[in-house]
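The values are calculated or read from the model by the stated rules, or taken from the named source; none is laboratory data. Everything numeric in this text was worked out from a predicted model, so none of it was measured. Don't worry about glycine lacking a Cβ; one is built from the backbone with ideal geometry, like all the others, and counts go over all protein chains shown.
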């Protein structure tokens, strides 16, 4: 378990991280999301004891990282943004060194070969790290973090430089590790966070902009009162009928997608489920529906809007267009 | 600490620095051995030892220049500093690896002495006192070089900085000739690395000199630890 309380880091006048607090339970995978320079790496460096915080505390399984750094650090496996590889060594020699460095008590040969298998570096283990491709270096970096089976894993952009197949492999690996470890990973790739993480913290300009599960973040913002429908039928007639739905705000016909098929975008007042109304109309007129989807915002949209300088609350309120605006 | 020690010692060889250091040291030691001992047909090696003082000023920075600067540049220090080891362990592991490397170099003088003993009688007492002085001097210089290496991430800056600092420490003796204020010359004399070393080459074993070298090494290792501590806190 990781507890972060009021963590702040100043570099001179610049506030890199400003008063952030969160808790990560055992077996949780937390995604750290933010644009470049948002303070992701700084936060991770503070969590792992690489740099100290200006104020605030970090507890790793109840141990303060500043009070008892050695004990706290032995609970963490860290993959920094740039993997800390000694490029003149072979993969095997390097992993052995890390094994010794972490004073690991596990059976050496078995443990290392398990990790090599897990990270798929077994076939390069006799090669010098300098000569490996970026993807392999990244995986050696991951292997290094896993040595000693630390209960907490901190991974800073773990899939950078990997090809799509490897990315999926690493994601699955992280998911698997998440069952037995506490994992924090950072990324600026949203689909990655969505695919792997239970929970997302969006961090922007050193502050937490949102902290929620990935699903509920996008669900909160999606809505059944905004729909995109493709209906086969005469455009004017369909528009006329749709506009008769009580509580509807607007209906727009988009371009002709297939011969005789138009796409309509519509929005009704909140907590009005448009889907049934639309279905009723098309059934009455015998117009086939070819597609219906709620025009939910992707995490991408959420992320962009949040990091454009708006808080998530005001953003949500604006989307829903309700009285929530008063709270601001 | 032992993991860092072993890796560091290995790194001297994989990076080739060990070979450069050993080759240059053996070459120069051999040249001076020939010049001062063999060609003059004496069994006195003190001439060679006083020349080695100058040699190590230039060679020790080669050993120490990359110890921390390289780590910083390659971001490997992030791995070390987030591993469950103390800062002291990191610094000392590297320090002792460098000392061992250095001793591999200077121990060539023992082989010269063996060769010499075949032809004449070698004063082993003076020889070991010289050998010890060379090691102690090296221990102090290595600590200084590693401290300077911890301040920069550029190896060249570290090397040039170390050479200049070590040269300055040796020029202290020359400075004393130009200063007539007694208490300043006293201070400078007591800081002189060369005077103490020279005493050893004459066969004088002075415990206070031994302590001087050792305490220099301790102080600079301590300062190196502080450099990391400070970076963590700022």
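Evaluating residue A:109 against the criteria (1) more than 30 Å from the chain's Cα centre (by Cα); (2) surrounded by fewer than 19 Cβ atoms within 10 Å (Cβ to Cβ); (3) within 14 Å of chain B (Cβ to nearest Cβ) leaves one unmet condition, (3).
Total residues in segment A:40-75 satisfying the condition of being within 9 Å of chain B (Cβ to nearest Cβ), touching a helix residue (DSSP H, G or I) at 6+ places or on another chain (Cβ under 8 Å) and farther than 14 Å from residue B:80 by Cβ: the figure is 1.
Look at segment A:4-38 and say how many of its residues are in a strand (DSSP E or B) and closer than 20 Å to residue A:180 by Cβ. Can you show your working first?
Residues of segment A:4-38 that are in a strand (DSSP E or B), as a first pass: A:4-11, A:14-24, A:29-33.
Applying the additional criterion that residues be closer than 20 Å to residue A:180 by Cβ yields A:23-24, A:29-31.
Number of matching residues: 5.
Return the total of residues in segment B:182-234 being within 30 Å of residue B:153 (Cβ to Cβ) and assigned to a helix (DSSP H, G or I). Outline the logic, then answer.
Going through segment B:182-234, the residues within 30 Å of residue B:153 (Cβ to Cβ) turn out to be B:191, B:193, B:213-234.
Still in the list and also assigned to a helix (DSSP H, G or I): B:191, B:193, B:213-233.
Looking only at that region, the number is 23.
Can you confirm whether segment A:84-92 contains a residue that is in contact with a helix residue (DSSP H, G or I) (Cβ under 9 Å, 6 or more places away or on another chain), within 14 Å of another protein chain (Cβ to nearest Cβ), in contact (Cβ under 8 Å) with a residue 12 or more places away in the chain and assigned to a strand (DSSP E or B)? Yes, that holds for at least one residue.
Counting residues that are closer than 30 Å to residue A:284 by Cβ, which strands (runs of 3 or more DSSP E) fully inside segment A:142-258 reach at least 1?
Values: elements: A:152-156, A:182-187, A:199-204, A:207-213, A:226-232, A:248-258.
The strands (runs of 3 or more DSSP E) meeting that bar are A:226-232, A:248-258.
It is to be established whether one or more residues within segment B:12-23 are buried (at least 20 other Cβ atoms within 10 Å of the Cβ), more than 23 Å from residue B:203 (Cβ to Cβ) and within 14 Å of chain A (Cβ to nearest Cβ). Checked segment B:12-23: at least one residue is buried (at least 20 other Cβ atoms within 10 Å of the Cβ), more than 23 Å from residue B:203 (Cβ to Cβ) and within 14 Å of chain A (Cβ to nearest Cβ).
To keep it simple, each residue is scored yes or no on (1) in contact with a strand residue (DSSP E or B) (Cβ under 7 Å, 6 or more places away or on another chain); (2) closer than 14 Å to residue A:185 by Cα; (3) not assigned by TED's automatic domain parsing to the domain that holds residue A:177.
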| position | (1), (2), (3) |
| --- | --- |
| A:26 | yes, no, no |
| A:44 | yes, yes, no |
| A:67 | no, no, no |
| A:81 | yes, yes, no |
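Give segment B:217-231 a look and list any residue that's within 11 Å of residue B:87 (Cα to Cα) and out of contact with any helix residue (DSSP H, G or I) (no Cβ under 8 Å at 6 or more places or on another chain), or say none.
Filtering segment B:217-231 for residues within 11 Å of residue B:87 (Cα to Cα) gives B:221-222, B:224-229.
Matches in segment B:217-231: B:222, B:226.
Applying the criterion of being buried (at least 19 other Cβ atoms within 10 Å of the Cβ) and without any contact (Cβ under 8 Å) to a residue 60 or more places away in the chain to the residues of segment B:47-73, the residue that is nearest to the other protein chains (Cβ to nearest Cβ) is B:71. Would you call residue A:69 surrounded by 19 or more Cβ atoms within 10 Å (Cβ to Cβ) and at pLDDT below 90? Judged against the criteria, residue A:69 is a match. Of the numbered criteria (1) more than 19 Å from residue A:151 (Cβ to Cβ); (2) within 9 Å of chain B (Cβ to nearest Cβ), the one residue A:99 fails is (1).
Here's the yes/no breakdown for (1) surrounded by 14 or more Cβ atoms within 10 Å (Cβ to Cβ); (2) on the phi > 0 side of the Ramachandran plot; (3) touching a helix residue (DSSP H, G or I) at 6+ places or on another chain (Cβ under 6 Å); (4) modelled with pLDDT of 80 or more:
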{"residue": "A:258", "(1), (2), (3), (4)": "no, no, no, yes"}
{"residue": "A:270", "(1), (2), (3), (4)": "yes, no, yes, no"}
{"residue": "A:280", "(1), (2), (3), (4)": "no, no, no, yes"}
{"residue": "A:298", "(1), (2), (3), (4)": "yes, no, no, no"}
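Go through B:42, B:37 for me and flag whichever is within 25 Å of residue B:202 (Cβ to Cβ), out of contact with any strand residue (DSSP E or B) (no Cβ under 8 Å at 6 or more places or on another chain) and part of a loop (DSSP other than H, G, I, E, B). Write out each step before concluding.
Working: B:37 fails: part of a loop (DSSP other than H, G, I, E, B).
Among B:42, B:37, only B:42 is within 25 Å of residue B:202 (Cβ to Cβ), out of contact with any strand residue (DSSP E or B) (no Cβ under 8 Å at 6 or more places or on another chain) and part of a loop (DSSP other than H, G, I, E, B).
For residue A:78, the test of being within 20 Å of residue A:197 (Cβ to Cβ) and surrounded by 17 or more Cβ atoms within 10 Å (Cβ to Cβ) is passed.
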